[in-house]
Amino acid sequence: MRRSIPKTGIGWPEIQAELAQAQKKDVDWRHGRLSGMVYFADEDVLQVTKDAYSMFFSENMVALHAFPSLERLEREVVEMASGLLNGDESVTGSMSSGGTESIFLAMKAARDWARDNRPTKGTPEIVVSRTAHPAFNKSAHFLDLKVIRVPQGPDFRADVGAMEEAITENTIILVGSAPAYPHGVIDPITKLGELAQARGLWLHVDSCVGGYLAHWVRELGYPVPDFDFSVPGVTSISADLHKHGYAAKGASTVLFRNADYAKYHGFEFDDWARGHYSTSTFTGTRSGGGVAAAWAVLNYLGEDGYLEIVGEILDARAILRAILWLARGVWPAARGAHDVADDEGCRSVVDDLRVKIVDGSQGHDLVIVSKPKRVSGFHRIPPARTRAA
Ligand SMILES: Cc1ncc(COP(=O)(O)O)c(C=O)c1O
């Protein structure tokens with residue numbers, strides 16, 4: 001039966017019970033059964049994000065003149081993100097609702113920058129590796145751009161030579177991922193930066209899943225290739241707070257090397273009855289909660305908190321590798337690179353192992369990557385307190 005709005009309102013206890021019932025068949029992310037999708041640090045971190053979100057639940061990001069608090073919080077989040085990504089004082093940007101929107105805003109900025117600085121005769125083109133997120137095609141669809149997807153190299157990284165060959169007179173943007181979601185490896189951003197500079201192109205680095213992770217992996221002594229504003233030629237970066245930043249969902253950052261690039265990502269309009277209208281994102285009304293929660297969690301965890309969590313992610317990787325070695329005789333490191341927390345070892349086996357892992361550990365949802373078929377994902381041992389519960 002189709003549901004309709006009840007004639008008389010229902011009490012909260014009954015509603016709450018029905019919501020809890022509806023959740024029963026969902027994957028148990030609290031106990032580490034889900035790879036990606038939910039990035040859970042611990043109950044206390046979750047509570048901080050919920051409390052901060054609630055404090056700014058009703059405030060509206062579309063009216064920053066009314067909420068100087070949110071203007072300040074967003075600016076400080078952007079400053080903290082810039083510091084993490086080796087940006088200097090010139091780096092600027094915005095918070096958005098997520099990775100897709102951050103990518104959209106960067107592509108929009110690049111398109112409008114190209115119109116002013118290197119106009120094309122045909123449809124402007126974006127050259128990406130096949131491993132890049134679908135959000136580039138989604139953005140291109142709405143922005144009337146064309147995406148050229150180039151096969152990745154044998155190490156799953158972008159093949160810079162092949163990307164160079166794909167450049168045409170209409171190309172305006174190159175994209176590198178740090179890392180790409182399917183395999184967790186960082187594209188050769190330094191080489192892409194050189195190529196972008198040589199050809200006068202905009203280089204966007206999609207660090208949605210790694211932007212708030214890679215720095216800590218490096219701090220813990222693991223080698224991470226350069227991928228951020230330390231690389232000359234990088235124009236913009238997308239990095240999601242609602243992933244390894246452990247913020248509430250609806251929080252990402254899009255950063256630009258300087259205001260000359262950033263000025264193209266917003267929208268301004270005057271021709272309506274209410275006067276000037278401008279937004280720095282695609283969305284109009286947006287809760288201030290996501291901004292406040294992100295600001296809160298960055299300050300709550302601090303460097304030590306992030307290092308602790310990322311250390312546990314790297315432990316999970318080591319354990320998964322050991323399982324793979326024992327179960328299948330596969331030693332992942334021999335197969336190539338791994339840059340952040342993705343489990344290279346999982347990638348080296350086909351999906352019959354998925355059955356084993358699912359059977360053996362009560363339903364871990366490992367991510368299956370197609371062509372070539374691999375198992376992949378971002379895993380974490382559940383926090384000790386949750387493990388005990
Ligand atoms: C590398 C990368 N880019 C972009 C996105 C899109 O982010 P969102 O789902 O927040 O829009 C993701 C999501 O997993 C991602 O991993």
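The values are calculated or read from the model by the stated rules, or taken from the named source; none is laboratory data. Predicted model only: the values in this text are computed from it and were never measured. Cβ: placed from backbone, ideal geometry, glycine included. Neighbour counts: every protein chain shown.
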(message) Suppose we filter the range 179-210 for residues that are at pLDDT below 95 and either among the small types (Gly, Ala, Ser) or not assigned by TED's automatic domain parsing to the domain that holds residue 252 (or both); how many remain?
(response) 3
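Any chance the range 83-101 includes a residue that's assigned to a strand (DSSP E or B), touching a residue at least 60 places away in the same chain (Cβ under 8 Å) and β-branched (Val, Ile, Thr)? Explain how you work it out, then say what you get.
Of all residues in the range 83-101, those assigned to a strand (DSSP E or B) come to 92-96.
Of the ones still in play, those that are also touching a residue at least 60 places away in the same chain (Cβ under 8 Å) are 92-96.
From what's left, β-branched (Val, Ile, Thr): 92.
Scanning the range 83-101 turns up at least one residue that is assigned to a strand (DSSP E or B), touching a residue at least 60 places away in the same chain (Cβ under 8 Å) and β-branched (Val, Ile, Thr).
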(message) Filter the range 1-52 down to the residues that are β-branched (Val, Ile, Thr) and in contact with a helix residue (DSSP H, G or I) (Cβ under 9 Å, 6 or more places away or on another chain) and list them by number.
(response) 10, 38, 45, 48, 49
(request) Of the numbered conditions (1) more than 14 Å from the ligand (Cβ to nearest atom); (2) closer than 17 Å to residue 94 by Cβ, residue 254 fails exactly one; give the number of that condition. (result) (1)
(request) Could you grab me the full set of residues in the range 144-168 that are within 16 Å of the ligand (Cβ to nearest atom) and over 18 Å from residue 199 (Cα atoms)? (result) 149, 152, 156, 157
(message) Please go through the range 252-293 and give me each residue that is closer than 24 Å to residue 230 by Cα and among the small types (Gly, Ala, Ser), ordered by number.
(response) 252, 259, 262
(request) Output the number of residues of the range 137-161 satisfying the condition of being outside any strand (DSSP E or B), surrounded by 15 or more Cβ atoms within 10 Å (Cβ to Cβ) and either in contact (Cβ under 8 Å) with a residue 40 or more places away in the chain or β-branched (Val, Ile, Thr) (or both). (result) 3
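If a residue must be of a type in the set (A, V, I, L, M) and assigned to a strand (DSSP E or B), how many such residues does the range 107-136 contain? Spell out the reasoning first.
Our first condition is that a residue be of a type in the set (A, V, I, L, M); within the range 107-136, this holds for 107, 109-110, 114, 126-128, 132, 135.
Pick out the ones that are also assigned to a strand (DSSP E or B) and you get 126-128.
Of the residues in the range 107-136, 3 are of a type in the set (A, V, I, L, M) and assigned to a strand (DSSP E or B).
Kindly establish whether residue 185 is within 14 Å of the ligand (Cβ to nearest atom), assigned to a strand (DSSP E or B) and of a type in the set (A, V, I, L, M).
Numbers: within 14 Å of the ligand (Cβ to nearest atom): yes; assigned to a strand (DSSP E or B): no; of a type in the set (A, V, I, L, M): yes.
So residue 185 fails the test.
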(request) Give the range 39-82 a look and list any residue that's part of a helix (DSSP H, G or I), of a type in the set (Gly, Ala, Ser) and under 20 Å from the mean Cα position of the chain (by Cα), or say none. (result) 81, 82
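Go over the candidates 102, 139 one by one and state the one that is within 14 Å of the ligand (Cβ to nearest atom), closer than 26 Å to residue 78 by Cβ and out of contact with any helix residue (DSSP H, G or I) (no Cβ under 8 Å at 6 or more places or on another chain). First the steps, then the outcome.
Numbers: 139 fails: out of contact with any helix residue (DSSP H, G or I) (no Cβ under 8 Å at 6 or more places or on another chain).
Of the residues listed, the single one that is within 14 Å of the ligand (Cβ to nearest atom), closer than 26 Å to residue 78 by Cβ and out of contact with any helix residue (DSSP H, G or I) (no Cβ under 8 Å at 6 or more places or on another chain) is 102.
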(message) Given (1) surrounded by 14 or more Cβ atoms within 10 Å (Cβ to Cβ); (2) without any contact (Cβ under 8 Å) to a residue 40 or more places away in the chain, identify the lone condition not met by residue 270.
(response) (1)
